[in-house]
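What follows is a short report on a single structure.
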Amino acid sequence: AQEKYLAQARLTRDPGVVARAAQISAYMENSPAVLEMSQLWVEVEPNSLEAHSLYTMSLSRYGRYDEALKYAEYALERGQHEPLLGLVVSANRANKEQRTTLLNQYPKLEARVPNNTFLQLTKAMLQRQQGLYSDGLNTVNHILSQDSTMQSAVMLKAQLLFQLGEKTKASAFLEQSLANAPNNKRMRLQYARFLAESDLDGAHNQLSILSTQYPNDSELLYSLALAKKGLKKNAEAIELFAQLTKYPRTSYSAHFELGILAEQNNDIEAVLTHYRQVRSGPKFLPAAVRLSRFMANHGQLDDARLYLQKLHIENPKQAASLYQIESELLAEQKLLGEAYDVLSNAILHEPNNIQLLYMRSLLSERQNDFSRSEQDLRAILAQDADNAMALNALGYTLTVHTNRYEEAEQLIIKALELNPGDPATTDSLGWVSYRLGKYDEAIKHLRKALSMLPDPEVAAHLGEVLWVTGEHEEAMTIWQKILSNDPDNSIIRETMERLDVSNNASNGSME
C-alpha cells in the first residue's frame, strides 16, 4: 500500500492521496518518505494543520529545527500548539548553537502570538535544555503569575528549582501544588522522585498514595516495591515484586529484584529461578552477570560457563556482551589465559568490536604481554582514531611498560583534548610528565586527578612524585588516607616498598 500511495501521490499531487501516503509512511516509520510526503502535503494543501504538524515533526527529526519552526508557528497562530511542543521536545537532541537560533526567534513569535502561555512554556523548556535555569525560572514564574494552575508550568518550575540546587524549595513547591491537585499523577510521582534522594520514607508514602489511586499501574507499583526494598521492608517488597512478575511490562525487572533479594538470603534455588526468568530487556545482561558470578562463587564455574554459552545461542545480538561477561568471570577466578581465549573466540566473529578488543588489551597487559595489548589498542585506533579510551590506555601502557614517553605523552594529550577533565586521563598525563622529568607539571596534574578521583592508584602516583621531590610528609599523608581505610592496599604498599620508604617512617606515620 505504501509503495502504491507514494507513486500515486507523486504522480497526481491529489491532496487526499498525498495525505494518505504521508500517514501510511508515518505508520511505517519511513522517515525519508514522511519528510517527502509531508512537504508535498503542505504544498498541495497549505491550509491543513495536520500537514503542518507532520512536516514540523519530520523536519525536527532531521535536525532542521529552524525550518520546522515556521510550520509550527503557522499551527500556533491557529490555536494548535502540539507541533511547537514536539519541536521543542525534539530540540533536546540539538546542539547549543541550534537551540540558540531557536531562542533568538522567540521575540518575533511573541510579537505575532502575544500573551500565549503555551509559547512561553516552550521558551522555558528551551532555556532549561540550554542550561539557562535562572532564565527558565523567570519565564515560568511569569506564566504562573497569569495561570497558577497550569500543571505543565508547575512541573517545569519544580524541575528548574531542583536543577538550580534548590531541592528543598522544589519539594516544598510540589507539596503545596499537590494540595490544589491531589489526584495529579505526574506531579505526585515527581514529588516522590525528589524525596527519594534524601527522604526515602517520604517517597514511599507518596508512592503508597499513588498505588491506591492507580492500583493497576504496574510501573508505579514497581517504584513502590523498590522503595520498600530500599527501606529494608524485604517481606513487603518480595510480595509486591512477586505480583509484578505477572505484568508483562515489569515481569523481568521484578524477577531481577527477586533474584537480588534471594542472594541476600542465600536462597540458592530462588536465585537460580528468578535470574533465569530474565530473558530480555535492560535487566537481561545484569541478571546474566549476577547469576554466573553467583554460580562461580558457589563452586559451579563450569555450569556458569555453560549457562552463558547457552545464552549466546539464544541471544545472538547480545553475544559480544555475553562473551565479555564470561571472560570477566574467568578473570575474576584468576584464569587469565582462558579469559583471553574467550575474547579471542568472540573477536573471530566480530573482528571490529571495539569493546572486545579493548577488554582483550587489558587482559594482555595483566599477563605482561604488552605487545599484544598495544596491537589491540592500535586496531581500535585504526577504525576510530579519536577513541579517547584507547588513546589513553595506549599512552598509559607505553608510559608504564616502555620508555617511549614522548609518544605516550602525545597520545594522552589527544585523549584529554577529546575528553577534557577526565580524571583517569589526567592521572595518565601526570604520570607520563613524571617519567619525562617534568615534576611540577606531574604534581599539578596528579593533584587535579586525585581531587576528582580519590583512587589508590592515583594516590600512589601523586605520593611517589612528592616523595621523589622531597615532599615526604605530604606523600605520607596521602598514602595514610588510603591505608586508613584499607591497611593492606597492595598498590600503596608496593609503591612504598619500591621507594624504600623506611619501616620506621611507615610505622610512625601509618599507625
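The values are calculated or read from the model by the stated rules, or taken from the named source; none is laboratory data. As the structure is a computational prediction, the values presented were derived from the model and not from experiment. A quick note on method: Cβ atoms are made from the backbone with ideal geometry, for glycine too, and the neighbour counts reach across all protein chains shown. Accessible surface is based on the protein model in full, side chains and every heavy atom, while ligands, DNA and RNA are left aside. Shrake-Rupley method; radii C 1.70, N 1.55, O 1.52, S 1.80 Å.
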### Query
Using 0.36 nm per residue, how much length does the chain from TYR439 to SER31 gain when fully extended, once their Cα-Cα distance is taken away?
141.3 nm
### Query
Averaged per residue, what accessible area in Å² does the chain show with a 1.4 Å probe, protein chains only?
51 Å²
### Query
What are the residues whose amide H is under 5 Å from the amide H of HIS81, where those residues sit 5 or more places off or on another chain and H is modelled from the backbone?
none
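Does region 380-505 come out rounded, prolate or oblate by the C-alpha gyration tensor, with a ≥ b ≥ c the root eigenvalues, rounded set by a/c under 1.5 and, if not, prolate when a/b is larger than b/c and oblate if not?
Details: a/c = 2.13, a/b = 1.90, b/c = 1.12.
It is prolate, given that a/c is not under 1.5 and a/b is the larger ratio.
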### Query
Cβ under 15 Å from LEU132's Cβ, LEU132 left aside: what net charge do those residues give with Lys, Arg +1 and Asp, Glu -1?
+3
### Message
Can you compute the charge dipole magnitude of the chain about its Cα centre, using +1 on each Lys and Arg Cβ and -1 on each Asp and Glu Cβ, nothing else charged? Give it in debye, rounded to the nearest 20.
### Response
1880 debye
### Dipole of the chain, positive direction: furthest Cα of THR495, LEU102, ALA449, with charges on the beta-carbon
LEU102
### Message
About the Cα centre, and with charges only on the beta carbon of Lys, Arg (+1) and Asp, Glu (-1), how big is the dipole of region 426-498? Nearest 20 debye, please.
### Response
240 debye
### Message
How large is the accessible surface of PHE241 in square angstrom, using a 1.4 angstrom probe and rounding to the nearest 10?
### Response
0 Å²
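In what sequence, largest accessible area first, do ASP386, ASP488, ASP14 appear using a 1.4 Å probe? Could the numbers behind the result be given before it?
Values: ASP386 90, ASP488 130, ASP14 70 Å².
Largest accessible area first, the list is ASP488, ASP386, ASP14.
Calculate what fraction, in whole %, of the accessible area of the chain sits on carbon and sulfur atoms when a 1.4 Å probe is rolled over the protein chains. Don't jump to the answer; show the numbers that get you there.
Details: 12460 of 26020 Å².
In the chain, the share of accessible area belonging to carbon and sulfur is 48 percent.
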### Task
Can you figure out the FRET efficiency of ALA235 with GLU497, using R₀ = 41 Å and their beta-carbon distance, to the nearest 0.05?
0.20
### Query
In what sequence, largest accessible area first, do SER292, SER53, SER484 appear using a 1.4 Å probe?
SER484, SER53, SER292
### Query
In whole percent, what relative contact order does region 1-140 give with Cα contacts below 8 Å and a gap of six or more residues?
14 percent
### Along principal axes, Cα extents of region 110-264, largest first, whole Å
61, 29, 28
### Query
Which entries of LYS96/LYS448; LYS283/LYS317; LYS229/LYS310; LYS414/LYS438 show an alpha-carbon separation above 26 angstrom in the structure shown?
LYS96/LYS448; LYS229/LYS310
### Query
For region 114-179, what is the charge dipole size about the Cα centre, in debye to the nearest 20, if Lys and Arg each add +1 at the Cβ and Asp and Glu each add -1 at the Cβ?
100 debye
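Which value, in Å to one decimal place, does the Kirkwood hydrodynamic radius take for region 1-119 when every pair of different Cα atoms is included? Provide the component values of the computation, followed by the final result.
Details: mean 1/r = 0.0682 Å⁻¹.
This gives a value of 14.7 Å.
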### Selection from TYR71, LEU343, LEU362 lying farthest towards where the dipole of the chain points positive, charges on Cβ
TYR71
### Task
Please give every one of the lysines within straight-line cross-link reach of LYS70, meaning a C-alpha to C-alpha distance under 16 Å, and leave out same-chain neighbours fewer than 8 residues apart.
LYS108, LYS123
#### Entry: the chain - mean residue ellipticity at 222 nm from DSSP helices (-39,500 (n - 2.57) per run, n ≥ 4, rounded to 500)
-24500 deg cm²/dmol
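May I ask you to rank MET295, MET359 by accessible area, largest first, using a 1.4 Å probe over the protein chains only? Provide the component values of the computation, followed by the final result.
On the way: MET295 5, MET359 35 Å².
Sorted by accessible area, descending: MET359, MET295.
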### Message
Name the residue from TYR62, VAL154, THR122 whose Cα lies farthest towards the positive end of the charge dipole of region 42-174, charges +1 on Cβ of Lys and Arg and -1 on Cβ of Asp and Glu.
### Response
VAL154
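Using the Cα atoms of the chain to build a convex hull, what is its mean projected area in square nanometres? Don't skip to the answer; put the middle values down first.
Working: hull surface 126.8 nm².
Over all viewing directions, the chain projects a mean Cα-hull area of 31.7 nm².
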